[in-house]
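Student: Before I ask anything, let me first share the structure, which is written out below as structure tokens.
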Amino acid sequence: MFAAIGSWIDHRRELRRRWRDDARRLLGAEEIYAYYEAQRRATRARIHGDRREFYHWAKVSAEIARLSPKVEMDIAVLRAIVAEEKGRWERSRT
């Protein structure tokens, strides 16, 4: 029983490390727009039906917001990103 709990804790630590590492990588590359890029990747994953990737990038965007008070987070921009990604996906299907 303790081995199973220890394994679960290790798995959760690894997930959190991946979120943090991807957040830092995006912050380094995109700076104040890193949150939007993480949301864009989450939207793409959601559109493609990839639950695991969607959850990962949603958590990365939350980690970006936690790490940097300088990132932009405007709901109107997020809505535009979602609309753009959906439109891009629909155009690719025709």
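Student: Quick one: in segment 50-74, which of the residues that are over 18 Å from residue 21 (Cα atoms) and either modelled with pLDDT of 95 or more or under 12 Å from the mean Cα position of the chain (by Cα) (or both) is most open to solvent (accessible area, probe 1.4 Å)?
Tutor: Filtering segment 50-74 for residues that are over 18 Å from residue 21 (Cα atoms) and either modelled with pLDDT of 95 or more or under 12 Å from the mean Cα position of the chain (by Cα) (or both), the one most open to solvent (accessible area, probe 1.4 Å) comes out as 51.
Student: State the number of residues belonging to segment 19-39 that are surrounded by fewer than 18 Cβ atoms within 10 Å (Cβ to Cβ) and on the phi < 0 side of the Ramachandran plot.
Tutor: Filtering segment 19-39 down to residues surrounded by fewer than 18 Cβ atoms within 10 Å (Cβ to Cβ) leaves 20-21, 24-25, 28-33.
Next, only the ones that are on the phi < 0 side of the Ramachandran plot stay: 20-21, 24-25, 28-30, 32-33.
Of the residues in that region, 9 qualify.
Student: Given the conditions (1) open to solvent by less than 80 Å² (accessible area, probe 1.4 Å); (2) modelled with pLDDT under 95, report the number of the one that residue 88 does not fulfil.
Tutor: Among (1) open to solvent by less than 80 Å² (accessible area, probe 1.4 Å); (2) modelled with pLDDT under 95, the lone unmet condition for residue 88 is (1).
Student: Could you go through segment 34-44 and let me know if any residue there is within 13 Å of the chain's Cα centre (by Cα), aromatic (Phe, Trp, Tyr) and farther than 17 Å from residue 15 by Cα. Explain how you work it out, then say what you get.
Tutor: Filtering segment 34-44 for residues within 13 Å of the chain's Cα centre (by Cα) gives 34-44.
The next check asks that each one be aromatic (Phe, Trp, Tyr); those that pass are 35-36.
Those still in the list that are farther than 17 Å from residue 15 by Cα too: 35-36.
Yes, some residue in segment 34-44 is within 13 Å of the chain's Cα centre (by Cα), aromatic (Phe, Trp, Tyr) and farther than 17 Å from residue 15 by Cα.
Student: May I pose another question? In segment 1-18, which residues are more than 15 Å from the chain's Cα centre (by Cα) and surrounded by 13 or more Cβ atoms within 10 Å (Cβ to Cβ)?
Tutor: First, the residues of segment 1-18 that are more than 15 Å from the chain's Cα centre (by Cα): 1-14.
Selection gives nothing.
The values are calculated or read from the model by the stated rules, or taken from the named source; none is laboratory data. None of the values given here were measured: they were computed from a predicted structure. We place every Cβ from the backbone using ideal geometry, glycine too, and count neighbours over all the protein chains shown. Surface accessibility is based on the protein's heavy atoms, side chains included, excluding ligands, DNA and RNA. Shrake-Rupley method; radii C 1.70, N 1.55, O 1.52, S 1.80 Å.
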